[in-house]
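The values are calculated or read from the model by the stated rules, or taken from the named source; none is laboratory data. Values in this document were obtained by computation on a predicted structure and should not be read as measured data. Every residue, glycine among them, receives a Cβ derived from its backbone with ideal geometry; neighbour counts consider all protein chains shown.
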Ligand code: SF4
C-alpha cells in the first residue's frame, strides 16, 4: 500500500473476454461504454490487452476451446488484478450447464473475485459489480497470484524447480 | 526562458493536452468523459503495477522512445536547427520500431512494420515543411522563425493544409491510426509493454503532442496570437476528424501521402521558390 495505490480506483482498465456466451452480456458491456452510461466517467477503459488491463471481465460458460485462452489471459495480466464473472452462464454454466462442450463456469478455471448475477445483467448491475471489484482491487498487493490448483498444475507439468 | 520551462514540463503539459483531448472527444460523442486529470491517474496507477518485461532490450527501447522524444522536443524548443529536431524524432520512432519488432508477438511486429509505413508517409512532409519555412524565413533556426515579421501561413497555405492532414499520422488518430489500430492489432508496437514500461510509451505520446503542435505554432511567425489560434483550430480539427472517420488501409495512407499531400506541399514550395 504505497502512495500510488490511492489512485488505483480512479483508473481501472478493463479486459473483456467472452468465453462462448450468447453475446447478450457483451451487448450490455458495450452499452455501458456508450453515451447513456459512459463508464469512461470513472476512468474505465476497455483496453483489450491483458498486459495493460486491471480487471478481467469474463462472460460465458467457458467452452473447452476457450479454456486455455482464458487461463493464459489471466496469467498474462500484471498484478494487482481482479476477475469479474458476469452473467448466469459464467457462474456455473447457466443455460449451458452440463453441456458436452463447456467447463461449467469461470470459477473452474481461474479464481473469481466478483460475481454479477443476471441473464443478462443490467448495466446498473455491471457498474455496481465494477465498483465492488475496485474495492477488492484496492486491497490487493503486487505479489504474484497463482491459479486455483497451482501445485497440481506444476506437478502435472513436472516443472517444480522452474520459477 | 519560456522555452526552457516548456521543455522541462513537457510531460505534464502534454498530459493536460491529452486530458483535454479525451474530454473534447467525449463531448463530441455526447458523453461526459473522464476528469481532466485522468491521464495522471492512469500514470500513477501504472506505477503501482507489477513490473513485467519480455526481455531487457524491449523494455530499454520503450524507455529510449520516451527519452528520444523528449530530446527531440528539447532540440526543437531550445532554439536549434528545425531539421535536426525532425531527425531526432525519427530516432524516437525507430526506437519504438526496434523494440516492437524484437518480440515474438505477431501484433507487435505488424505494428512495427506499420509504424515504418507511417514514417515513410510523414517524414518527407516534415522535411518539406521545414524547407518551406526556410524559404520564407531564410533560416532553419526556430528563434528566427518566431521573430519573422510576416505571416508564414499566408505564403504557405498548401504546406499548412498538408501538415494538418499529416498530424493524424503522427499522433495515431483516425483515419490514419494504422499502427495503433486498437480494435485490430490492439495497440501495435505498444502491445507487449506493461506496467511501468508502458508508462514510458504513454508519456512519450504526450510529448509528441507538444512536438507536433509546436510545428503548428511556427506557422504564426512572430504573431503569437495567430499561432495559438492555429494550434486550437488544428486540435479541434484533428479530434473532429478522429471521431468522424474510420480507419484506412496502410496502402491508402501511403498513397494519400505520396500522391496528394507531398505534391501539394512541393507545389507550394516550387511556386514560392519561383516567385522569389
Ligand atoms: S448470462 Fe445469459 S445473456 Fe449473458 S452470455 Fe450467458 S446466456 Fe447470454
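Per the conditions (1) under 27 Å from residue B:54 (Cβ atoms); (2) away from the ligand (no atom under 16 Å from the Cβ); (3) more than 14 Å from chain B (Cβ to nearest Cβ), the sole criterion not satisfied by residue A:131 is (1).
Check region B:38-50 and report whether any residue there is surrounded by fewer than 19 Cβ atoms within 10 Å (Cβ to Cβ) and more than 10 Å from chain A (Cβ to nearest Cβ). The answer is no, given that none of the residues of region B:38-50 is surrounded by fewer than 19 Cβ atoms within 10 Å (Cβ to Cβ) and more than 10 Å from chain A (Cβ to nearest Cβ). In region A:43-71, the qualifying residues are those that are part of a helix (DSSP H, G or I) and in contact with a helix residue (DSSP H, G or I) (Cβ under 8 Å, 6 or more places away or on another chain), and the one that is nearest to the ligand (Cβ to nearest atom) is A:70. Looking at residue B:201 and the list (1) within 24 Å of residue B:84 (Cα to Cα); (2) surrounded by 23 or more Cβ atoms within 10 Å (Cβ to Cβ), which single condition is not satisfied? With respect to (1) within 24 Å of residue B:84 (Cα to Cα); (2) surrounded by 23 or more Cβ atoms within 10 Å (Cβ to Cβ), residue B:201 is out only on (2). Within region A:93-111, the only residue that satisfies the criterion of being closer than 23 Å to residue A:137 by Cα and within 11 Å of the ligand (Cβ to nearest atom) is A:105. Residues in region A:72-82 that are touching a helix residue (DSSP H, G or I) at 6+ places or on another chain (Cβ under 7 Å) and free of Cβ contacts under 8 Å to residues at least 40 places away in the same chain: A:76, A:78. Within region A:138-154, the presence of a residue that is away from the ligand (no atom under 16 Å from the Cβ), closer than 13 Å to residue A:57 by Cβ and touching a residue at least 40 places away in the same chain (Cβ under 8 Å) is excluded.
Taking first residues from region A:18-42 that are over 20 Å from residue A:70 (Cα atoms) and partners that are more than 13 Å from the ligand (Cβ to nearest atom) and outside any helix (DSSP H, G or I), the Cβ contacts under 6 Å between residues at least 6 apart in sequence or on separate chains come to A:35/B:30; A:35/B:31; A:38/B:31; A:38/B:32; A:40/B:34; A:41/B:32. Residue A:85: within 13 Å of chain B (Cβ to nearest Cβ), within 16 Å of the ligand (Cβ to nearest atom) and farther than 18 Å from residue B:41 by Cβ, yes or no? Criteria not met by residue A:85. Within this structure, residue B:66 fails the test of being at pLDDT 85 or above and within 14 Å of chain A (Cβ to nearest Cβ). Scanning region A:45-82 for residues that are within 13 Å of chain B (Cβ to nearest Cβ), under 19 Å from residue A:120 (Cβ atoms) and more than 9 Å from the chain's Cα centre (by Cα) gives a single hit, A:46.
When residue A:11 is tested against the conditions (1) out of contact with any helix residue (DSSP H, G or I) (no Cβ under 9 Å at 6 or more places or on another chain); (2) buried (at least 20 other Cβ atoms within 10 Å of the Cβ); (3) within 8 Å of chain B (Cβ to nearest Cβ), the lone failure is (1). If the condition is being within 16 Å of the ligand (Cβ to nearest atom) and either within 9 Å of another protein chain (Cβ to nearest Cβ) or in a loop (DSSP other than H, G, I, E, B) (or both), then region A:14-42 contributes A:19, A:20, A:21, A:22, A:23. Only helices (runs of 4 or more DSSP H) whose full extent lies in region B:138-216 are considered here, and the ones with at least 1 residues that are at pLDDT below 85 and in contact with a strand residue (DSSP E or B) (Cβ under 9 Å, 6 or more places away or on another chain) are B:142-146. On the basis of being surrounded by fewer than 18 Cβ atoms within 10 Å (Cβ to Cβ), within 9 Å of chain B (Cβ to nearest Cβ) and under 16 Å from residue B:41 (Cα atoms), does residue A:6 make the cut? Considered against the rule, which asks whether it is surrounded by fewer than 18 Cβ atoms within 10 Å (Cβ to Cβ), within 9 Å of chain B (Cβ to nearest Cβ) and under 16 Å from residue B:41 (Cα atoms), residue A:6 comes out as yes.
Results for (1) more than 21 Å from residue A:46 (Cβ to Cβ); (2) at pLDDT 85 or above, shown as yes or no for each residue.
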{"position": "A:70", "(1), (2)": "no, yes"}
{"position": "A:95", "(1), (2)": "yes, yes"}
{"position": "A:99", "(1), (2)": "yes, yes"}
{"position": "A:138", "(1), (2)": "no, no"}
{"position": "A:141", "(1), (2)": "yes, no"}
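When the residues of region A:2-13 are filtered to those that are free of Cβ contacts under 8 Å to residues at least 60 places away in the same chain and assigned to a loop (DSSP other than H, G, I, E, B), the one that is farthest from the ligand (Cβ to nearest atom) is A:3.
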